[in-house]
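Inspection log for the structure reproduced underneath, given as structure tokens.
The values are calculated or read from the model by the stated rules, or taken from the named source; none is laboratory data. A quick note: this is a predicted structure, and the numbers were derived from the prediction, not measured. Positions of Cβ are generated from backbone atoms using ideal geometry, with glycine treated the same way; all protein chains shown enter the neighbour counts.
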Amino acid sequence: MSVTISPAVQRVLPLLTDPPTAPTTPHGYLDQLGPQPAADGRAVNTGFVQSLWSSRIGASLFDHAATAARRVVGILQSPAERLRLQPGHTVLDIACGPGEITTALARTVGPGGLAVGIDISESMLTRAAHRHRAGNTAFLRADAQRLPLRDHTVDAVTCIAGLQLIPDPDAALAEMIRVLRPGGYLAVLVPTVRTGPLELIGRYVPGAGGARLFTETEIPDSVVGFGLGGVDTRRLGTIQWTWGRKIR
Ligand SMILES: C[S@@+](CC[C@H](N)C(=O)[O-])C[C@H]1O[C@@H](n2cnc3c(N)ncnc32)[C@H](O)[C@@H]1O
């Protein structure tokens with residue numbers, strides 16, 4: 001059987017725990033998830049926010065809005081510096097959406113490197129794979145709570161505005177750190193809520209849509225618990241970056 005996958009997707013296969021014997025990418029990305037709901041015990045995304053991101057119109061709306069927002073809000077731009085990316089590195093962009101950040105990371109790692117965008121939404125990935133074609137950029141459909149990659153395979157991992165939608169954010173963080181090589185960097189961006197009287201409202205309102213807000217200490221505490229050192233944070237308004245280096 002002839003293999004009809006792009007050179008970039010071929011470069012992902014050796015990273016996978018269970019690579020397909022006859023890989024195909026009819027929509028430009030490799031599907032490592034299969035049908036939902038999950039039969040393997042993972043918590044499954046629910047709520048209208050994820051339903052929107054799973055639809056074609058939602059993916060298109062998000063793509064245009066995020067592109068416009070990134071032009072003016074520096075904190076939303078590529079985390080290449082926080083990830084200490086070098087040419088030749090392999091980097092994962094978890095919950096990559098339409099792939100704009102994945103492609104910015106690909107530019108930093110250059111033709112000898114590899115940027116892999118991972119998302120659960122078929123609409124987002126179809127958009128990403130058609131818009132961002134390059135020999136060093138691949139897209140993969142998977143659940144961040146159970147990454148289909150071998151331990152210690154990548155140099156850097158990022159997740160921008162994705163954890164708030166993932167039912168078990170700690171499971172996703174543990175997975176990101178599991179696949180990271182010792183010495184590699186993780187950088188995640190989440191929406192936060194300050195503790196105080198408004199916290200309950202802040203948690204309830206997005207919660208009704210299947211999303212959540214984090215307190216300022218939640219993500220830093222979790223990543224330290226999962227083996228990151230030198231953990232640092234930066235906050236702008238309700239947005240918080242957390243980054244650190246895998247110790248071993
Ligand atoms: C707000 S978008 C962010 C997209 C992208 N990171 C960006 O900043 O442009 C959130 C993305 O998280 C994805 N997502 C939600 N739950 C997920 C899961 N369990 N595993 C992987 N991706 C998930 C959604 O499909 C959506 O594309």
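Pairs needed: first member in region 3-20, closer than 20 Å to ASP151 by Cβ; second member anywhere, among the charged types (D, E, K, R) and part of a loop (DSSP other than H, G, I, E, B); C-beta distance under 6 Å; at least 6 residues apart or different chains.
Sorted first by the residue in region 3-20, then by its partner, the pairs are THR17/ARG150.
Identify, please: which residue in region 135-146 is within 12 Å of the ligand (Cβ to nearest atom) and not in a loop (DSSP other than H, G, I, E, B) and is, among those, surrounded by the fewest Cβ atoms within 10 Å (Cβ to Cβ)? Before you say what the answer is, go through the steps one by one.
Initial filter on region 135-146 (within 12 Å of the ligand (Cβ to nearest atom)): 139-146.
Those left that are additionally not in a loop (DSSP other than H, G, I, E, B): 139-141.
Details: PHE139: 31, LEU140: 25, ARG141: 23.
The residue in question is ARG141.
Quick check on region 121-134. Is at least one of its residues buried (at least 24 other Cβ atoms within 10 Å of the Cβ) and either β-branched (Val, Ile, Thr) or under 11 Å from the mean Cα position of the chain (by Cα) (or both)?
no
Among the residues that make up region 105-116, is at least one of them at pLDDT 95 or above and farther than 16 Å from ALA156 by Cα? Quick ask: steps written out before the conclusion?
Our first condition is that a residue be at pLDDT 95 or above; within region 105-116, this holds for 105-116.
Of the ones still in play, those that are also farther than 16 Å from ALA156 by Cα are 111.
Yes, because at least one residue in region 105-116 is at pLDDT 95 or above and farther than 16 Å from ALA156 by Cα.
Filter region 218-237 down to the residues that are farther than 17 Å from GLN164 by Cβ and either out of contact with any Phe, Trp or Tyr (no Cβ under 8 Å at 6 or more places or on another chain) or in contact (Cβ under 8 Å) with a residue 60 or more places away in the chain (or both), then identify the one that is surrounded by the most Cβ atoms within 10 Å (Cβ to Cβ). Spell out the reasoning first.
First pass over region 218-237, keeping only residues farther than 17 Å from GLN164 by Cβ: 224-232, 234.
With the extra rule that they be either out of contact with any Phe, Trp or Tyr (no Cβ under 8 Å at 6 or more places or on another chain) or in contact (Cβ under 8 Å) with a residue 60 or more places away in the chain (or both), the set shrinks to 224-230, 234.
Details: VAL224: 15, GLY225: 12, PHE226: 18, GLY227: 17, LEU228: 23, GLY229: 11, GLY230: 10, ARG234: 12.
Per the criteria, the residue is LEU228.
Out of VAL91, VAL116, report the one residue that is part of a strand (DSSP E or B) and farther than 17 Å from SER6 by Cβ. Outline the logic, then answer.
Working: VAL116 fails: farther than 17 Å from SER6 by Cβ.
Among VAL91, VAL116, only VAL91 is part of a strand (DSSP E or B) and farther than 17 Å from SER6 by Cβ.
Which one is farthest from ASP155 (Cα to Cα), of the residues in region 117-134 that are within 12 Å of the ligand (Cβ to nearest atom) and among the aliphatic types (A, V, I, L, M)?
MET124
Give region 154-164 a look and list any residue that's within 9 Å of the ligand (Cβ to nearest atom) and crowded, with 23+ Cβ neighbours inside 10 Å, or say none.
Hits for region 154-164 are THR158, CYS159, ILE160, GLY162, LEU163.
Show the residue pairs that are 6+ apart or on different chains and have beta-carbon atoms under 7 Å apart, the first residue being within region 130-144 and closer than 12 Å to TYR29 by Cα, the second being among the aromatic types (Phe, Trp, Tyr) and not in a helix (DSSP H, G or I).
PHE139/TYR29; LEU140/TYR29; ARG141/TYR29
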